[in-house]
Each structure stands twice: as C-alpha cells, then as structure tokens.
Amino acid sequence: MVQSLARGIEILSIIQERGSATIVEVASVLGVDKSTVSRLMATLMHYDMVSIDPVSKKYRLGFRNLYLSEGVKKNFNVAIVARPYLYKICDDTKESVHLAAMGNRKMYIVDQVRSQREYNLSAQIGMIEAWHCSAVGKCVLAYKPPSFIEDIFRDYDFEHYTSNTITTYQNLEKELKKIREQGYALDDEERTLGVRCLAVPVFNYSGNVSCCIGISAPKDQITEATIKKYTLCMKKYGSQISKELGYGLYRS
C-alpha cells in the first residue's frame, strides 16, 4: 500500500465526514505531523480535490469530487437502471428515497431522490451505513449466505446507538430471518431516535442481493399504517429493477 496515497484518501474521508477541517484537526485524527498533512493537502489542492476557506482556514472537498462522483454514477449500471424507479417511489410515497449498494464489504448510499415535504430526511450520497442498525444493511445481509455474515461479524463492533439498537449476533440472526419472511427491513429508531427507515432488496441476474432501495423519514411518517403502503410500493418497483438487471432470466 502506498502510504501517501492512503493518507490522502483518509484526509478526504475526514473532510467529508466533518464538512470541513483544519490541518491541525486532520493531523490529530491521523496521528501525524502537521507538516505531513500540509504537504498532502497542497497536493490535493493542486488537483482540486480540496479547497480552503480564506476566513476560517478550513479545508473542504473540492469540485473535482463532483466530477468523479458523476463518473461513478455513469458506470454504475444499477444506479442508472434504478433512478427512474426512485422517482416513482418518491412520487407515490412523498418520501425521500435512496439506493444503497455494497462495496468493499460496506454499505454505501449511491443515489437518492428527495421529497418535497417540508420535513424530510434525505441520505447523503457516499455515506456508509452500519450493518447491524440500518434498514439497508440488514436488508442486504438477510439475503447473504451464512458464511458471508459470519465473516462480516467475526470481529464486528455492535455499536450501541439507541435503546432499540441490535447489540448481539443472536438477535441479529432473528431479525434477518424476519426480514426474509416479510420481504423488507425496518430500522425502528435503531440508529437515530425519532427516525425510521425501510428497505427492500434488489436482485441481480444471478439472484444475489448487493443493492437495496431505502426510505428514511421521521417516525410519525413511517407508521404501522404507512409501512404496508410504502413496502408494497417499494417491492413493486424493486421487482421491476431486479427484472431489468436480469433477475427474471435467472428465475426462469
């Protein structure tokens, strides 16, 4: 591994998570000298990967990241296929909708469509979702083989966010069984109090699930009454996305 490249990527991740950061803050997180961070930051600025606020002296992500993210979207077939259906789900439910996909054994938000509600929750593209307490994470896990799940959770930290967070492997297994039976996953204030999320799987041509469609909203918008309505809509369009990815051919 090239250390300078790895640190450059870590710097971008730190800025993305914080919104902005000073050289001192980045150096503290990385545990390296300020001079090292300063040199790396100069290189990132040269390539427009970061920019600096002249007043606060804090660095933020540069516009080249937008260019690169568009390239990811253009080459990510699931995102291209799913986008029209995300709009349809948003139109039918009036909620913000997102697409999550697995990459390097993590779940990432790769696309979203925001609702026009006065109060809505929208996911941040590029955000990593926890396996044990997110609807999208649990949804994908539910359709993975036991060997994959055991490998993920061999040294996994069940971070405790709320009183509803699943904190043991045994309880997670029960939850995944329930998800397979009902065909959708629910995050019932497991990551953030006052927020509920739903997710349904998207199958590829070989019958594998590495992507899913999700909805996040205040808990008074995702109720027992709306869960049935929302999941029916999500399953309908999730099935159509799966067919476009060749799942119908696999099933036949």
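Of all residues in the range 187-207, which are crowded, with 20+ Cβ neighbours inside 10 Å and outside any loop (DSSP other than H, G, I, E, B)? First the steps, then the outcome.
As a first pass, look at the range 187-207 and keep what is crowded, with 20+ Cβ neighbours inside 10 Å: 187, 190-191, 196-203.
Scanning the range 187-207 gives Asp187, Arg196, Cys197, Leu198, Ala199, Val200, Pro201, Val202, Phe203.
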Checklist entry - Yes or no: Cys133 out of contact with any His (no Cβ under 7 Å at 6 or more places or on another chain), under 19 Å from Lys219 (Cβ atoms) and outside any loop (DSSP other than H, G, I, E, B)? => result no
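Give the residues of the range 25-66 that are among the polar types (S, T, N, Q) and not in a loop (DSSP other than H, G, I, E, B), sorted by residue number. Even if it seems obvious, please write down each step before you answer.
Just the residues of the range 25-66 that are among the polar types (S, T, N, Q), to begin with: 28, 35-36, 38, 43, 51, 56, 65.
Residues satisfying the conditions are Ser28, Ser35, Thr36, Ser38, Thr43, Ser51, Asn65.
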Checklist entry - Residues in the range 31-43: is at least one among the basic types (Lys, Arg), touching a helix residue (DSSP H, G or I) at 6+ places or on another chain (Cβ under 8 Å), surrounded by fewer than 17 Cβ atoms within 10 Å (Cβ to Cβ) and not assigned by the TED database to the domain that holds Val113? => result yes
Checklist outcome for this item: Of the residues in the range 125-159, those that are of a type in the set (S, T, N, Q) and under 17 Å from the mean Cα position of the chain (by Cα) come to Ser134
Item to check | Among residues of the range 2-24, those that are outside any loop (DSSP other than H, G, I, E, B), more than 19 Å from Asn65 (Cα to Cα) and either among the β-branched types (Val, Ile, Thr) or at pLDDT 95 or above (or both), counted | outcome: 2
Checklist entry - Residues Lys144, Lys138: which one is of a type outside the set (Ser, Thr, Tyr), in contact (Cβ under 8 Å) with a residue 60 or more places away in the chain and assigned to a loop (DSSP other than H, G, I, E, B)? => result Lys144
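One line per residue, one yes/no per condition, for (1) touching a Ser or Thr at 6+ places or on another chain (Cβ under 6 Å); (2) over 24 Å from Asp111 (Cα atoms):
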residue: Phe148; (1), (2): no, yes
residue: Phe153; (1), (2): no, yes
residue: Tyr156; (1), (2): no, yes
residue: Ser163; (1), (2): no, yes
residue: Asp187; (1), (2): yes, no
residue: Cys197; (1), (2): yes, no
residue: Gly214; (1), (2): no, no
Checklist entry - Assuming Ala142 fulfils every condition listed in (1) of a type in the set (Gly, Ala, Ser); (2) crowded, with 16+ Cβ neighbours inside 10 Å; (3) within 19 Å of Ala79 (Cα to Cα) apart from one, which condition is it? => result (3)
Item to check | Complete set of residues in the range 208-252 that are surrounded by fewer than 21 Cβ atoms within 10 Å (Cβ to Cβ), in a strand (DSSP E or B) and polar (S, T, N, Q) | outcome: Ser210
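Is there a residue being over 26 Å from Val78 (Cα atoms) and out of contact with any Lys or Arg (no Cβ under 8 Å at 6 or more places or on another chain) anywhere in the range 194-217?
Step one: of the range 194-217, the residues over 26 Å from Val78 (Cα atoms) are 194-195.
Restricting the remaining residues to those that are out of contact with any Lys or Arg (no Cβ under 8 Å at 6 or more places or on another chain) gives none.
No - not one qualifying residue is present in the range 194-217.
Out of all the residues in the range 121-142, which are farther than 12 Å from Arg105 by Cα and either touching a Gly at 6+ places or on another chain (Cβ under 9 Å) or modelled with pLDDT under 90 (or both)?
Let us first name the residues in the range 121-142 that are farther than 12 Å from Arg105 by Cα, namely 121-127, 132-136, 138-139, 142.
Those that are farther than 12 Å from Arg105 by Cα and either touching a Gly at 6+ places or on another chain (Cβ under 9 Å) or modelled with pLDDT under 90 (or both): Leu121, Ser122, Ala123, Gln124, Ile125, Gly126, Met127, Ser134, Ala135, Val136, Cys139.
The values are calculated or read from the model by the stated rules, or taken from the named source; none is laboratory data. The shown structure was predicted, so the numbers you read here are calculated from the model rather than taken from an experiment. Virtual Cβ from ideal backbone geometry, glycine too; neighbours counted across all protein chains shown.
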